[in-house]
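Colleague: Got a structure for you, written out below as structure tokens; questions coming shortly.
The values are calculated or read from the model by the stated rules, or taken from the named source; none is laboratory data. A quick note: this is a predicted structure, and the numbers were derived from the prediction, not measured. Virtual Cβ from ideal backbone geometry, glycine too; neighbours counted across all protein chains shown. These area figures cover heavy atoms from the full protein model, side chains too; ligands, DNA and RNA do not enter into them. Shrake-Rupley method; radii C 1.70, N 1.55, O 1.52, S 1.80 Å.
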Amino acid sequence: MIKKVGIVGLGQMGSGITQVAAQAGFALLATDAGEEIISRGIKNITKQLDKAIEKGKLDPAGKEKILGDIKTTTELHDFADCDLVIEAITENMTAKKEIFSELDKICKPETILASNTSSLPIGDLASVTKRRDRFVGLHFFNPVPVMKLVEVVKTLDTSDETYSAAFEFAKAVGKSPVRAKDTPGFIVNVLLIPYLLDAIRQYENGLASREDIDNGMMLGCGHPMGPLTLTDFIGLDTTLYIADVFFEEFKDSHYAAPPLLRRMVNAGYLGKKSGRGFYEYIK
Ligand code: CAA
């Protein structure tokens, strides 16, 4: 029975997962690398809860209850009694493996470990632990409080018990989970990323202006965001990282990053988070 949930990483994804899990009534313990990043994450959650109050979807007492259910720490050792720990740090295999290796030693035997990775093999992360059967992928989408999907990823070793506990957890936080295999990009990114790469390639080749490419897909296909805006939103660095993982895996030009994307990332144009991507953003 999952009651206490640990979150490692309080960036955009981790703070979103913390928020939805606390809103669903779970006890949360969250950490990141240092007090400053932790308080930024909590500030983001508070901002989202304040917006919900403004819209009449939450009352001030509800906000205090949710924030009261979120504890933070700078010590991984405090995660010992969590029933589920979800890692949501940046996409870096070595850093993730270090965290899981530590968590495996610290957490009680029943604790389920999960990663929110969008592109790294879950089985590779599980391999550094002695609990491969209690290891699963829980891939949320950005912005977490809005997007209904969670891909629940089963490795070759994930037990049925672990998988169904993770699946039920995704439902309990108000999401609609889908069953995904431990293949690169799971279901969504293996379809989405080539589409974004094609849009960048076409833009680079002069097919149309950035606005017309985006409006074409929004107004012609009913997408909430055009592909260049969506790449800015996901992060150009994240998109490039995922494309490189796919290309390495499939060796198929379909997944090759367009030169423009790599040039922009090298120049520090990371999208919305850096203030500039295909569009400019006021920070
Ligand atoms: N956090 C929380 N809530 C947010 C939010 C955020 N960052 N951004 C918007 N919202 C909420 C708003 O508060 C609003 O809520 P209400 O309906 O309760 O009023 C609602 O979302 C709609 O927002 P807006 O009216 O401001 O703007 P919008 O209608 O343009 O919607 C959007 C914004 C939800 C982001 C929408 O444009 C959208 O769905 N875009 C596509 C996002 C997408 O494709 N995400 C997946 C990315 S891929 C990924 O995450 C996987 C990966 O591994 C890379």
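Colleague: How large, in percent, is the carbon and sulfur part of the accessible surface of the chain at a probe radius of 1.4 Å?
Modeller: 55 percent
Colleague: Provide the per residue accessible area, probe 1.4 Å, for region 189-274, rounded to a whole number of square angstrom.
Modeller: Spelled out: the 1.4 Å probe surface of region 189-274, per residue, equals 51 Å².
Colleague: Please label the shape of region 35-119 as rounded, prolate or oblate, based on the square roots a ≥ b ≥ c of the eigenvalues of the alpha-carbon gyration tensor (a/c under 1.5 means rounded; beyond that, a/b larger than b/c means prolate, else oblate).
Modeller: Prolate, because a/c is 1.5 or more and a/b exceeds b/c.
Colleague: If you don't mind, another one. Starting from the amide H of A30, placed 1.01 Å from N in the peptide plane, find each other amide H under 5 Å away whose residue is 5 or more places distant or on another chain.
Modeller: I7, K71, T72, T73
Colleague: Roughly how many nanometres apart are two label points built 7 Å out from the Cα toward the Cβ at L149 and D50?
Modeller: Each label point lies 7 Å from its Cα, and together they span 3.2 nm.
Colleague: Just grab the label-to-label distance for S176 and K283, each label 7 Å out from Cα along the Cβ direction, in nm (one decimal).
Modeller: Output for this residue pair reads 3.7 nm.
Colleague: Just to confirm my numbers, what's the Cα centroid distance between region 179-244 and region 121-177 in Å?
Modeller: 24 Å
Colleague: Let me ask another. Convex hull volume of the Cα atoms in the chain, per residue, in Å³? Please report the intermediate quantities before stating the final value.
Modeller: Working: hull volume 38.1 nm³, N = 283.
Here the figure is 135 Å³ per residue.
Colleague: So what is the relative contact order for region 1-144, in percent, with contacts set as C-alpha pairs under 8 Å and at least six apart?
Modeller: Worked out over region 1-144, it gives 28 percent.
Colleague: So what is the accessible area of region 4-181 per residue, in Å², with the probe set to 1.4 Å?
Modeller: Heavy-atom accessible area per residue stands at 45 Å².
Colleague: I would also like to ask the following. Determine the relative contact order of the chain: mean sequence separation of Cα pairs under 8 Å and six or more apart, normalised by residue count, in whole percent.
Modeller: This gives 14 percent for the chain.
Colleague: Order of 89-97, 234-242 by packing, highest average Cβ count within 10 Å first? Intermediate results must be reported in sequence, preceding the final value.
Modeller: On the way: 89-97: 15.4, 234-242: 23.2.
Ranking, from highest mean packing down: 234-242, 89-97.
Colleague: Here is the link list: K97/K272; K65/K273; K51/K148; K65/K175; K4/K154. Which ones come out longer than 26 Å on Cα distance? Let's see the in-between values first.
Modeller: Details: K97/K272 28 Å; K65/K273 30 Å; K51/K148 19 Å; K65/K175 21 Å; K4/K154 22 Å.
In this structure, K97/K272; K65/K273 exceed 26 Å between Cα atoms.
Colleague: Quick check: pseudo-label points 7 Å beyond the Cα along Cα→Cβ at A24 and Q202, how many nm apart are they?
Modeller: Result: 3.6 nm between the two label points.
Colleague: Could you point to the residue in L84, Y195, I45 farthest towards the positive end of the chain's charge dipole, with +1 and -1 charges on the Cβ of Lys/Arg and Asp/Glu respectively?
Modeller: I45
Colleague: Continuing with the same structure: For a Förster distance of 35 Å, can you work out the FRET efficiency between the beta-carbons of D212 and I187, rounded to the nearest 0.05?
Modeller: After rounding, the FRET efficiency stands at 0.75.
Colleague: Next question, about the same structure. Would you mind telling me the antiparallel percentage of the DSSP bridges in region 4-181, rounded to 5?
Modeller: Values: 4 of 29 bridges.
Taking every DSSP beta bridge with both residues in region 4-181, the antiparallel ones total about 15 percent.
Colleague: Right, something else. Considering all alpha-carbon pairs of region 141-283, what whole percent are spaced by more than 26 angstrom?
Modeller: 33 percent
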